[in-house]
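One structure below.
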Amino acid sequence: MDKAHDSALLAVEVYNKPAVKFKSGGYIALMVIAWTALFHAIFFKKKRKPFYKKPSGRYVKTGGDYRYWELDECLRQYYGSDTMNAVRKNLEFFIPLRNKIEHRSMPELDANIFGECQAMLLNFDEMLEKEFGSKHCLRESLSFSLQMFPSAEGLIDAVTRNPAAKPIADFIQRYRSTVSPETLASGKYSFKAFLIQVTNHPGSSAPSIQFLHYDKLTEEQKKQARSYFKTL
């Protein structure tokens, strides 16, 4: 649990550092570690040992230590036949992507996978709460990262700036094409939010940042949102 918690906090710290150019690179690597450790903690809680076994039933050892399940195996063990689960699809996106970017620096990709990165963190916190209770959540430890301006760059623009990013951009497009529209729209696979200034704040005691579904906005807020989208 401690490893999962600390790895996730480090991932967010790396992503939010202004000087870091390829934000998603370090973030993805650390969040994969965090998710893997979290699943291991869940299995141990359920009295299951997350170790690979030989056909004989004996546990596999490497260098004298038990060989733990990697994240993809953890997903198979946890979700079973629920192959279209949005949280699972989000994580299955990052497993091969981490391997593809591990030894590369491609900051051009950051803006294009922000939604998946954000969902990866929100899902992690919800899983912590579901399996271990709210006292273990990250939400009270994190602050909202200040943003100067949004990026509207697409994958085509990223490849134009860095042709070496084309194989990874192709992978991202292929993977997204395999995800059902319902999963894409769930917010569990990809979560995107836009900052809209509230001109008439309801009160000084109200939270400074709130995430609201578009359908729950007032007509004035929707008008502001539409005006904002036109600038992207």
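Across the range 44-65, the number of residues qualifying as free of Cβ contacts under 8 Å to residues at least 12 places away in the same chain and open to solvent by less than 80 Å² (accessible area, probe 1.4 Å) comes to 4.
Comparison of Val32, Val20 shows that the only residue that is open to solvent by less than 80 Å² (accessible area, probe 1.4 Å), of a type outside the set (Gly, Ala, Ser), closer than 25 Å to Leu138 by Cβ and in a helix (DSSP H, G or I) is Val32. Counting the residues of the range 135-180 that are open to solvent by 40 Å² or more (accessible area, probe 1.4 Å), modelled with pLDDT under 90 and of a type in the set (Ser, Thr, Tyr) gives 4.
Close Cβ contacts (under 6 Å, 6 or more residues apart or on different chains) running from residues in the range 161-183 that are within 15 Å of Asn112 (Cβ to Cβ) to residues that are open to solvent by 40 Å² or more (accessible area, probe 1.4 Å) comprise Ile168/Lys100.
Scanning the range 83-107 for residues that are outside any loop (DSSP other than H, G, I, E, B) and small (Gly, Ala, Ser) turns up just one, Ala86. The residue of the range 88-119 that is farthest from Lys166 (Cα to Cα), among those that are open to solvent by 10 Å² or more (accessible area, probe 1.4 Å) and in contact with an Asp or Glu (Cβ under 8 Å, 6 or more places away or on another chain), is Arg88.
For Ser81, indicate whether it is at pLDDT below 90 and open to solvent by 20 Å² or more (accessible area, probe 1.4 Å). Criteria not met by Ser81.
The values are calculated or read from the model by the stated rules, or taken from the named source; none is laboratory data. Just so it is clear, the model here is predicted, and its values are computed rather than measured. Neighbour counts are summed over all protein chains in view; Cβ atoms, including those assigned to glycine, are modelled from backbone coordinates with ideal geometry. Heavy atoms of the whole protein, side chains included, go into the accessibility calculation; ligands, DNA and RNA do not. Shrake-Rupley method; radii C 1.70, N 1.55, O 1.52, S 1.80 Å.
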